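To start, the structure itself, in structure tokens.
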Amino acid sequence: MAPIVSVAIGHNAPARAFSKPPANGRLDYQLGGAYTPAADVAIVVRDRLEEPAAGKYNICYVNAFQTQPGDAVWWRKNHPDLLVKKDGKYVVDPNWPDEHILDISTTAKRAALMDVVGPWIDKCASDGFKAIEPDNLDSWVRSKGVLTPAANLAFAELLVQRAHKADLAIGQKNAAELAEIGAAQIGFDFAIAEECQVWSECQVYSKAYGNQVYEIEYGDNDRDPIGNAVDPVSYFNTACQAQGTRISVIYRDRDVVPAGTSGYVYRAC
């Protein structure tokens, strides 16, 4: 992993009318398809192409640093210069091989990408969402050395500016090692922390974002970080005991499929 850098990035924009997610509000993570959330759910995360859930605080998922599955052909046709290449070959996420890494390595490329991603953010606002979840802040670790943490942070600043201009809150997703910078310098308003119990990162997020951390543990984590077999739900149970009274903690299936679908798993502290 590249070394973490301190960057002098400012976000001294005028105050806007956005609202942050309810602190320790119960979360439902619906990226695999929209469904009616339970009555006691306060916050719903849905893909930007879905409609917000009625009566909830809605967060709009935007894959801001990588392409979405199924979109590779469109990107290759329309913006091949905005996809990371190494030795003449496109670089993809090894865990999600249908996701290309977006090339945010230069000021010009970041500006060009904002011409694509910026309108997505604006539409989230006009559709009625209250916040943005820009995924894959840590894309530099999968870029085969083409990207740097500084480049990702510079693009994150543009995303924050655009979200706040649209009166949307915006959350940090991934890269726990950047949490302090993300909160203090970039201007993220909260954090969505996947598997922070597995990777011992929950306290890092909480130190930066207080009780506006929304933790998701997954049901397929059957090994600990050094390879020992574990019961996946043990991470969720430990998280509930350690921080479940302070932050929102949920347990979901990896594909986050809709309720009533085969494989659906959902628990909350």
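A compact table of results
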item: Full-stretch length increase - ALA23, TRP74 - with 0.36 nm per residue and alpha-carbon distance subtracted; result: 14.5 nm
item: Centroid-to-centroid separation of region 183-220 and region 229-255 [C-alpha atoms, Å]; result: 13 Å
item: From phi via Karplus (6.51, -1.76, 1.60), per-residue ³J(HN,Hα) for region 122-137 in Hz, x at Gly/Pro; result: 4, 5, 4, 5, 5, 6, x, 5, 10, 7, 10, 10, x, 7, 6, 3
item: Ratio Rg/Rh [Cα only; Rh per Kirkwood] for the chain; result: 0.94
item: Summed side-chain charge close to ALA111 - residues other than ALA111 whose Cβ falls under 14 Å, Lys, Arg +1, Asp, Glu -1; result: -1
item: For VAL62, distant residues with modelled amide H under 5 Å away; result: GLU133, ASP135
item: Spatially proximal lysines relative to LYS130 (Cα-Cα < 18 Å; intrachain offsets below 8 disregarded); result: LYS20, LYS56, LYS165, LYS173
item: For region 104-193: rounded, prolate or oblate by the Cα gyration tensor [a/c cutoff 1.5]; result: oblate
item: Amide proton proximity set for CYS196, modelled H, under 5 Å, gap of 5+; result: ILE216
item: Gain in span if fully extended, GLN203 to ASP87, counting 0.36 nm per residue against the direct Cα distance; result: 37.9 nm
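None of the figures in this text is laboratory data; all of them are computed from the coordinates on show. Values in this document were obtained by computation on a predicted structure and should not be read as measured data. All Cβ positions, glycine included, derive from the backbone under ideal geometry; neighbour counts span all protein chains shown.
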